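J.: This is the structure I have questions about; it appears just below.
The values are calculated or read from the model by the stated rules, or taken from the named source; none is laboratory data. Since the structure is predicted, the reported quantities are computational estimates derived from the model, not experimental observations. Here the Cβ positions follow ideal geometry from the backbone for every residue, glycine too, while neighbour counts run over all protein chains shown. Keep in mind that these areas ignore ligands, DNA and RNA; they rest on the heavy atoms of the full protein, side chains included. Shrake-Rupley method; radii C 1.70, N 1.55, O 1.52, S 1.80 Å.
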Amino acid sequence: MSGDTIKILLAMIGYMAAVIGIGVYFAKRAQANSENYFLGGRSLGPWVAAMSAEASDMSGWLLMGLPGVAYWCGLADAMWTAIGLGLGTYVNWLLVARRLRRYSAISGDAITVPDFLSNRFHEKKKIIMGISAGLILVFFTVYAGSCFVTCGKLFSTLFGVSYHTMMIVGAIFVVVYTFIGGFLAESASDFMQAVVMIIALLTILILGTSAAGGIDAVIENAAKIPGYLSPTAQAAPVVDANGVQQAVNGAAQFGEATSYGPLTIISTLSWGLGYFGVPQVLLRFMAIRKEGELKRSRRIATVWVAIALFSAVFIGMIGRALYPTEASLATASGAENVFIVLSQGLLPAVLAGIIMAGILAATISSSDSYLLIAASAFSKNIYEGIMKKGKADDKKVMKISRIVLVVIALIGMIIAWDENSVIFSIVSFAWSGFGATFGPIMLFSLFWKRTTRQGAIAGMIVGAATVFIWNLGLSPLGGIFSIYELFPGFVFSCITIVIVSLLTEKPSKEIEEEFERAAGRA
């Protein structure tokens, strides 16, 4: 291992030590009871709520997946995705946050998303709780796999060590950290990690732009590539049978640009719909200490996301200008290393290590959220809520959650075992699952009094089933079926909720009165 590599490693170890220190600091408070462990006792301030929500949401996808897409095929896919996510962030904080914070407290003081949905409809037989908890387990296990892929790619690229070895090491670190501190440690460290991520992005953005000769030079280079800068076309790298982009006389080869039409734009914009259903963000709404602080949180979150998404997309363009034929970036999967390559090329070793800790920050901030929420879905909702009918000992619940956490991590490692996995693809599937399953029922539960329990169950099942059927069975057919599965899943779930709710008996007087209180009208 070279001297520079050792310096990078030491800088990243220092960062990891700081993260562990936060976990240890909050450990005693987190272990007091399951509410503290899973929701932090509803004590988050506006800055921590906003920054931790966005850091846990974006994950390593922000620093690797999104720049990789921009590097590989140009502006359209990355830009429309970023616009959809930016709009989704703002609207979610604007519409959902305040109502969910109030309603979750009124409706049985719910501390998980399945808790809230079950309490919202006054369930006796916990069918909604069981379905939602089970789907959370499935989709968060996939999400955890994407984070472990990020860890493996990061460390194997940096240190030349086996991808599988480093993926396992990264997974173990995340599991141990989540064991220690729970939701409070996760949220506090996520705040720090959000700061690290934005500093890392802006540093590489500024230095990379300067190294490439300025903004005009970056844009001029991109304009030479057919379709690269078009919002309605996509660059098409010329690749060999192994998916490696070809280069001639030091120039990366591109074919004729492919169309990026209205259907595809709708597809990528629909990423924003996912925000209404992702538990890691919804939990921050439930956990903020005062409802009145949500306005400040919304502003903080929106500004952070706008800066982060713009920076990530432009970094991909900078990479194409500075490293057009870099061998490690010559495949769709390898392109996701562009942030790492730029960091190593633009910065002294120690600073590169600190900046690349931003990738580690993004990965940790997401994977600990995913593991904790998935574990709570089983221990609090399935084990305590259904199997023990609310009579489980709190210490037993905590023990079960840790066992489940390890099991989920192991399955996530299996998902991440293929080192050629594309982070963007893994994340897009899990994101669509949450958006289509929980987004519609969350919105209808909060804003339509006539929503019934039967409508909620049917909508969740239809949303989740559509995602699987569309992704695995219909999407390969192409044409209209190539649209991102989140969009049809979300639409079909909404239609199902409305039809089934209108065809079934309206909610009881008690449920309607509770709805009015949550809406501030009673």
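J.: Counting each DSSP H run of 4 or more residues in the chain as -39500 (n - 2.57), what helix-only mean residue ellipticity at 222 nm follows after dividing by all residues, to the nearest 500 deg cm²/dmol?
T.: Calculated from helices alone, the mean residue ellipticity at 222 nm is -23000 deg cm²/dmol.
J.: Given H placed 1.01 Å from N in the peptide plane, which residues other than close sequence neighbours of F254 have an amide H under 5 Å from its amide H?
T.: The answer is V238.
J.: While we're on this one: Using alpha-carbon pairs under 8 Å, 6+ residues apart, how would you state the relative contact order of the stretch 400-516 in percent?
T.: 32
J.: For helix 127-159, report the angle its Cα long axis makes with the longest principal axis of the Cα atoms of the chain; keep it between 0 and 90° and round to the nearest 10°.
T.: The helix 127-159 is inclined about 20 degrees to the chain.
J.: So what is the accessible area of the stretch 97-250 per residue, in Å², with the probe set to 1.4 Å?
T.: Heavy-atom SASA per residue in the stretch 97-250 reads 35 Å².
J.: Cβ neighbours within 10 Å, averaged per peptide: list 238-249, 108-119 in order, most packed at the top.
T.: 108-119, 238-249
J.: Considering Cα pairs under 8 angstrom that are at least six residues apart, work out the relative contact order of the chain and quote it in whole percent.
T.: Relative contact order comes out at 30 percent.
J.: If you line up the long axis of helix 163-211 against the longest principal axis of the chain, both from Cα atoms, how many degrees apart are they, to the nearest 10?
T.: For helix 163-211, the angle is close to 40 degrees.
J.: Mind checking the full-extension length gain between V176 and R299? Use 0.36 nm per residue of separation minus the Cα-Cα distance, one decimal, nm.
T.: Between V176 and R299, full extension yields an extra 41.0 nm.
J.: So, R0 is 51 Å and r is the distance between the beta-carbons of I6 and I106; what FRET efficiency does that work out to, to 0.05?
T.: The pair I6/I106 has a calculated efficiency of 0.40.
J.: Given points 7 Å out from each Cα along the Cα-Cβ axis, report the I206 to M387 separation in nanometres with one decimal.
T.: Going by the 7 Å Cα→Cβ label model, 5.2 nm.
J.: Counting only other residues whose beta carbon sits under 13 Å from that of V500, what net charge do I get with K and R as +1, D and E as -1?
T.: Around V500, the charge tally is +2.
J.: So, with a 1.4 angstrom probe, what is the percent of accessible area on the stretch 233-364 that is carbon and sulfur?
T.: Ligands and nucleic acids excluded, carbon and sulfur give 59 percent.
J.: Separate question: In the structure shown, do any of K125/K389; K125/K388; K125/K391; K126/K380; K290/K449; K125/K506 have a Cα-Cα gap over 20 Å, and if so which?
T.: Correct reply: K290/K449.
J.: In whole percent, and with a 1.4 Å probe on the protein chains, what portion of the accessible area of the stretch 393-522 is carbon and sulfur?
T.: Taking all protein chains in place, the stretch 393-522 shows 67 percent carbon and sulfur surface.
J.: For log10 I(q)/I(0) by the Debye sum over Cα atoms at q = 0.06, 0.07, 0.13 Å⁻¹, pick the label among [x] -0.27, -0.36, -1.25; [y] -0.63, -0.73, -1.21; [z] -0.29, -0.40, -1.44 that corresponds to the value derived from the coordinates.
T.: Structure-derived value, by its label: [x].
J.: Nearest 10 degrees, 0 to 90: what angle lies between the long axis of helix 509-518 and the longest principal axis of the chain (Cα atoms)?
T.: 50
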